[in-house]
Amino acid sequence: MLTVKKISKAFGPTRALIDVDMEIRRGEIRGLIGENGSGKSTLASIIAGAQFADSGSFELKGKPYAPRNMVGAQNHGVSMIIQEMGTIPGITVAANIFTGRLEEFTRFGFINMKAINRRAAELLQEIGAGDIHPETLINRLNFEERKIVEIARAMVANPDLLIVDETTTALAQRGRELLYRLIRRLHEENKSVLFISHDLHELMSICDTITVLRDGIVIDTLEKEEISVDRMRSLMVGRELSGSYFRSDYDGSYSDEVVLEAKRVTSGILEEFNLELHKGEILGVGGLSDCGMHELGRVLFGIDKPITGSVTLKKNNVQVKDPHVATKNNMAYVSKERDREAIILNASIKENVVLPSHRQLRKVLGLITRRSETNLTNKQIETLRIKCRNGKQICNELSGGNKQKVVFAKWLGKESDILILDCPTRGIDVGVKAAMYKLMTELKAQGKSIVMISEELPELIGMSDRILLLKNGRLQAELRRSPDISEKQIIQYII
């Protein structure tokens, strides 16, 4: 289906891809893995026409292939679902699905919106998302529904090669099953899929072969019988990475001191919700994507104001009414929607890292020196091993995982005491994920308190002292840390 020949790409002095060769066969589901910054998304975006290679060439179905943009790639039979949010706000679902293709529905200068809506409805029905209405403004959909709209857009031209770039990390169970069905259908139709994911178990269950990238170089391609989690980890990081990422203790101990309390909070889908977070506790919050857990994170940090109820910092009896109050009182918030809410993409690493820390960086007369900003930034780059040229590099140039590290860095630099983490390891590779879990364990040991909102059941079980399970905005169960908790047990409460 696709032959990749000597593809290279550099961003300034950073060489993202170096002479990459790869072949994807008809009917094959090819996995592509590597640490953050290994070049996976760069290669995928070049194949999909979103970027240009510096050198090298492609052949698609035996013919030269050099797309000038993503619509051109679609017209050749190559579609891509990107890692981050790719919908356009302010327009309808149907307009998003046919972005770049509206001329197909235009006659005498007029766009036939009825025809667009009709075709969009058919497409959504075909992929199993008939409940999403074409005329709905995209802003009214939740995160997962917008991602499903992107899946529909990728299927507009009935692609021969579908590229899935870490999309499953943005999807809950419904969205994942929809995407898996679509991948199986393409496989049965003798079409091809390039599947990028950090979930090694997911890769093993879906892929026929897996290609491993490290520092822009193809390290190996594993056939089905050669694939194992340990083998993939070792090839990705260049060293053995065995054992569990999660905490090994099961005592689940934390202080009796309550540091944050939510009392009878009603907001969005949340109804009369109560929560207590203790000093030195990792409090897991789980459920399906529309259960209210993401709304809870926003309310706890003061982004959304509850209709009824309150969120209180118990030490000073301060009500968290907005993010300014939260930040001033050493709270931190990591949003699930990283590129929209957690990071300024067109600012530098340094500008992002120092943003919450201006108060502590002030010297005499309120002045902030460049040296103090640089020192703080360099310390966080070193601590979190952010792969970058230096602190002046623009965040938009970083890989997804390194952007996430910058998000963590700004709150760690501020020495926050209470951290609200919404899907904190989404889009992070195995090596960094292990480091993040270790960091969370260290923060707990320091007496920091963490609310960890997660759609990943192993993460909830492996890291939490307590787990609150939500369904339809209400608490269904509270589970204490134990080696006996299973995913099956949790699923009974949330579905």
(request) Scan LEU213, LEU222, LEU241, LEU203 and give me the residue that is surrounded by 15 or more Cβ atoms within 10 Å (Cβ to Cβ) and at pLDDT below 85. (result) LEU241
(message) If the requirement is being under 24 Å from GLU166 (Cβ atoms) and either aromatic (Phe, Trp, Tyr) or not assigned by TED's automatic domain parsing to the domain that holds HIS324 (or both), which of these qualifies: TYR437, TYR493?
(response) TYR437
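Residue by residue, here is whether (1) assigned by TED's automatic domain parsing to the domain that holds ILE33; (2) in contact with a helix residue (DSSP H, G or I) (Cβ under 7 Å, 6 or more places away or on another chain); (3) surrounded by fewer than 22 Cβ atoms within 10 Å (Cβ to Cβ) holds:
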{"residue": "ALA342", "(1), (2), (3)": "no, yes, yes"}
{"residue": "VAL364", "(1), (2), (3)": "no, no, yes"}
{"residue": "LEU367", "(1), (2), (3)": "no, no, yes"}
{"residue": "GLU373", "(1), (2), (3)": "no, yes, yes"}
{"residue": "LYS387", "(1), (2), (3)": "no, yes, yes"}
{"residue": "ILE394", "(1), (2), (3)": "no, no, yes"}
{"residue": "PHE408", "(1), (2), (3)": "no, yes, no"}
{"residue": "LYS414", "(1), (2), (3)": "no, yes, no"}
(message) Condition (residue is over 21 Å from LEU361 (Cα atoms) and more than 21 Å from the chain's Cα centre (by Cα)) applied to the range 431-438: is it met by at least one residue?
(response) no
(request) Kindly list the number of the only condition in (1) touching a strand residue (DSSP E or B) at 6+ places or on another chain (Cβ under 6 Å); (2) closer than 30 Å to ARG25 by Cβ; (3) at pLDDT 85 or above that fails for THR167. (result) (3)
(message) Here is a check on your reading of the model: is ALA10 surrounded by 23 or more Cβ atoms within 10 Å (Cβ to Cβ) and aliphatic (A, V, I, L, M)?
(response) no
(message) Can you say whether VAL258 is within 26 Å of ALA172 (Cα to Cα) and either surrounded by 23 or more Cβ atoms within 10 Å (Cβ to Cβ) or of a type in the set (A, V, I, L, M) (or both), as far as the supplied structure shows?
(response) no
(request) Go through (1) aliphatic (A, V, I, L, M); (2) farther than 14 Å from SER335 by Cα; (3) modelled with pLDDT of 90 or more one by one and return the number of the condition LEU398 breaks. (result) (3)
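So that you can scan it fast, the table gives a plain yes or no per residue for (1) closer than 18 Å to VAL78 by Cα; (2) touching a His at 6+ places or on another chain (Cβ under 8 Å); (3) in contact (Cβ under 8 Å) with a residue 24 or more places away in the chain; (4) not in a helix (DSSP H, G or I):
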| site | (1), (2), (3), (4) |
| --- | --- |
| VAL149 | yes, no, yes, no |
| ALA157 | yes, no, yes, yes |
| LEU162 | yes, no, yes, yes |
| ARG174 | no, no, yes, no |
| LEU182 | yes, no, yes, no |
(request) Check whether at least one residue in the range 483-495 is of a type outside the set (Phe, Trp, Tyr), in contact (Cβ under 8 Å) with a residue 60 or more places away in the chain, in contact with a strand residue (DSSP E or B) (Cβ under 7 Å, 6 or more places away or on another chain) and surrounded by fewer than 23 Cβ atoms within 10 Å (Cβ to Cβ), and report yes or no. (result) yes
(message) Step by step: first the residues of the range 150-177, then only those that are within 25 Å of GLU337 (Cα to Cα) and over 18 Å from the mean Cα position of the chain (by Cα), then the one that is surrounded by the fewest Cβ atoms within 10 Å (Cβ to Cβ). Which residue is that?
(response) MET155
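The values are calculated or read from the model by the stated rules, or taken from the named source; none is laboratory data. Just so we're clear, the structure is a prediction, and the values are computed from it rather than from any experiment. Note that each Cβ is placed from the backbone with ideal geometry, even for glycine, and that neighbours are counted across all protein chains shown.
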